[in-house]
Amino acid sequence: MRFDVVTWNLLADCYIHGIGKSTLNPSSSSSHVDSSSPSFLLWNNRFDKIKNTIIRLDADIWCLQEVDHYEEDYKPFLSSQGYEAIYIQRPRKGDGCLIAVKKSVFGINSKLEVQLDDIAYLNGEFDQAYMKQNVALLVKVSHLATGIPLIIACCHIHWNPNLAEVKNEQVDYILNCINSVDSDLKSKPTPTLFCGDFNSFPESEVYARVTNPNSFESHYDNLSLKRGRNYRSPYGDGKEMVKFLCDPSLSRLCRWMRVLGINIVMDSWNKCDGEQNQYTSSMKSSSINAFFQRARDEQRVILTSSKSLRERAACPP
């Protein structure tokens, strides 16, 4: 199985425009692009160059960080180039991580959205130091030509070089999630591709953990002893367990169930793919059917506060 992979921090447009701390000027709370700014910073110009690079490299897998303008720009463009994309946005931020695979090469089986803020709630105690709004995305795919499974992970680790402990905990947590995505991982390791912006130097502990040949097997057994924290897998301990699919109306419940180690994902059944005034009843029905189909495909129990959704004839039991 041979394929091409590119990982790339794109520098989110929202940071150039000064939403939050500017990447161009970390000491400033804002840095705005206006008519006097260099033309290469303007989004339309930047996105043209990004598109040209994606077309030129023609990779089979893209792992992208600091992605914004997803719905209006990246999603339709990647689809036009034959990619299937999955995106997770950072909480209370304008950017996120994206994994895109060429549909002619890979088929997507499942995904796991990892909220690294969950680390703050481990051991039943809240620790504000770990609330950094960082995320990771795990996608399980199959190589169409060979049927070989592959786990792809994309992350963006906290930036502050003075908070090494936060970085280490975030990487440990992602490694633990990777380990638990497949219940057979320890006895029959699944090939894993771990990409991202780790904000770390080669001599750092983060780098050592990720490049350690034992990181994707025995490393997890030592997490509690090594870090003094009681890690729980969002996918349980590999035994058969009930899996859940909830909608955004129960987002808080979803978060706490993840903290408890329950296999739960969140998705929307009321997606608007076009302009709001063009969102017809047939589009809504199609979105609901896709939500139901995901529950069937992944064998998940639906959790929702919507009575009308539960009473639909097509709703899985």
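The values are calculated or read from the model by the stated rules, or taken from the named source; none is laboratory data. Computed from a predicted model, the values in this text were never measured in an experiment. To get the accessible areas, we keep the full protein, side chains included, count just its heavy atoms, and leave off ligands, DNA and RNA. Shrake-Rupley method; radii C 1.70, N 1.55, O 1.52, S 1.80 Å.
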Kirkwood Rh over alpha-carbon pairs of the range 36-80 plugged into Stokes-Einstein at 20 °C, 1.002 mPa s gives a D in µm²/s of 184
Ignoring ligands, DNA and RNA, what percent of the 1.4 Å accessible area of the range 63-199 is carbon and sulfur? 48
Please list 281, 268 from largest to smallest accessible area, probe radius 1.4 Å, with all protein chains kept in place. 281, 268
Heavy atoms only, 1.4 Å probe, whole protein assembly: order 159, 8, 62 by accessible area, highest first. 159, 8, 62
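Indicate the gyration tensor shape class of the range 50-195 (rounded, prolate or oblate), computed on the Cα atoms with a ≥ b ≥ c the square roots of the eigenvalues: a/c under 1.5 is rounded; otherwise a/b larger than b/c is prolate and the rest oblate.
On the way: a/c = 2.38, a/b = 1.32, b/c = 1.81.
Oblate shape, in that a/c is at least 1.5 and b/c is the bigger or equal ratio.
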Residue by residue through the range 44-49, which ³J(HN,Hα) values in whole Hz follow from phi under the Karplus form 6.51 cos²θ - 1.76 cosθ + 1.60 (θ = phi - 60°), with glycine and proline marked x? 4, 5, 5, 5, 4, 5
